[in-house]
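The values are calculated or read from the model by the stated rules, or taken from the named source; none is laboratory data. Predicted model only: the values in this text are computed from it and were never measured. Backbone-built Cβ (ideal geometry, glycine too); neighbour counts: all protein chains shown. Ligands, DNA and RNA are excluded from the accessible area calculation, which covers all protein heavy atoms including side chains. Shrake-Rupley method; radii C 1.70, N 1.55, O 1.52, S 1.80 Å.
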Amino acid sequence: MEKMMDAKQKEHLSELRAKSAEEHEALIRDPKDSETEASFGDRLAEKITGAIATWKFIMIQTGIIVGWTGYNILVKKSAFDPFPFILLNLFLSFQSAYTAPAIMMNQKRQAKNDQIRNEMESDVNVKADLEITRLQEKINQISKEDLAELKKQITTMNNLLEKLTAHQDIKTT
């Protein structure tokens, strides 16, 4: 099929293929390789989010809260944070106040990286669609040319057959 293309079409097709190959390689690589450069704040937010989003953190925090409340309930009057555990609530509020923005920063960075990959995937899909469309057009063009050539050959063969039949009719008479 590429034999039927002119030089400009071949060049355009090879450019499309080269660019698509580069983008395919980028999509196949580990997503972390195509991420944007992370600032110190981004790396810190990622570490905080990574530490908080584990069962280990949940179990440690649960242990601290149970120990804190248990100690202060058992000691009663000499407790450093008696019921209703105002100091514990203050610490948990601080933790929430700092971890929520860290989680949101990490999600924002991930969304930006996902958007970059989605745009690359979309570009690859559009280019593949364009190439398929061009190939289909070329196939249709080749089919029309082949069909016209076949019609021409059939007409020539019919003419020859008619001449041959006429010539044999003359001999038999």
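Quantify, in whole percent, the carbon and sulfur part of the accessible surface of the range 47-112 (1.4 Å probe; protein heavy atoms only). In the range 47-112, the share of accessible area belonging to carbon and sulfur is 75 percent.
With 5 Å bins beginning at zero, the pair-distance distribution over Cα atoms of the range 108-165 amounts to 4, 16, 9, 11, 8, 9, 7, 6, 7, 5, 5, 4, 3, 2, 2, 1, 0 %.
When the alpha-carbon atoms of the chain are used, the pair Rg, Dmax equals 37.5, 137 angstrom. How far apart, in nanometres, would the label points at I170 and N125 be if each is projected 7 angstrom from Cα along the Cα-to-Cβ direction? If labels sit at I170 and N125, their model points lie 6.9 nm apart.
With N counted as the residues of the range 69-170, its alpha-carbon radius of gyration over 2.2 N^0.38 Å works out to 3.25. Extending 7 Å from the Cα toward the beta-carbon at both A7 and E162 defines two label points whose distance is 4.4 nm.
Note on the chain: helix-only mean residue ellipticity at 222 nm, from DSSP H runs of 4+ residues weighted -39500 (n - 2.57) and normalised by residue number, equals -30500 deg cm²/dmol. Summing +1 for each Lys or Arg and -1 for each Asp or Glu among the other residues whose beta-carbon sits under 15 angstrom from that of K152 gives -1.
Tell me, in nm to one decimal, what length is gained between R117 and E37 on full extension, where the rule is 0.36 nm per residue of separation less the Cα-Cα distance?
27.3 nm
Which FRET efficiency value, to the nearest 0.05, is calculated for S14 and I154 with the Förster distance at 35 angstrom and r the Cβ-Cβ distance? With R0 = 35 Å, the Cβ-Cβ based efficiency is 0.40. Shown is the FRET efficiency for M59 and A97, computed with R0 = 25 Å from the Cβ-Cβ distance and rounded to the nearest 0.05: 0.65. Measuring against 25 Å, Cα to Cα, the residue pairs K10/K112; K19/K138; K19/K47; K10/K152 contain K10/K112; K19/K47; K10/K152 as the ones spanning a longer distance. Net charge dipole, the chain: roughly 600 debye, given to the nearest 20, about the Cα centre with Cβ charges of +1 for Lys and Arg and -1 for Asp and Glu.
For the range 91-173, the solvent-accessible area of protein heavy atoms averages 81 Å² per residue (probe radius 1.4 Å; ligands and nucleic acids excluded). Largest GNM mean-square fluctuation across K77, K152, K163, computed for the chain with C-alpha springs under 10 Å, falls on K163. A 1.4 Å probe over all protein chains sorts R43, R117 by accessible area into R43, R117, starting with the largest.
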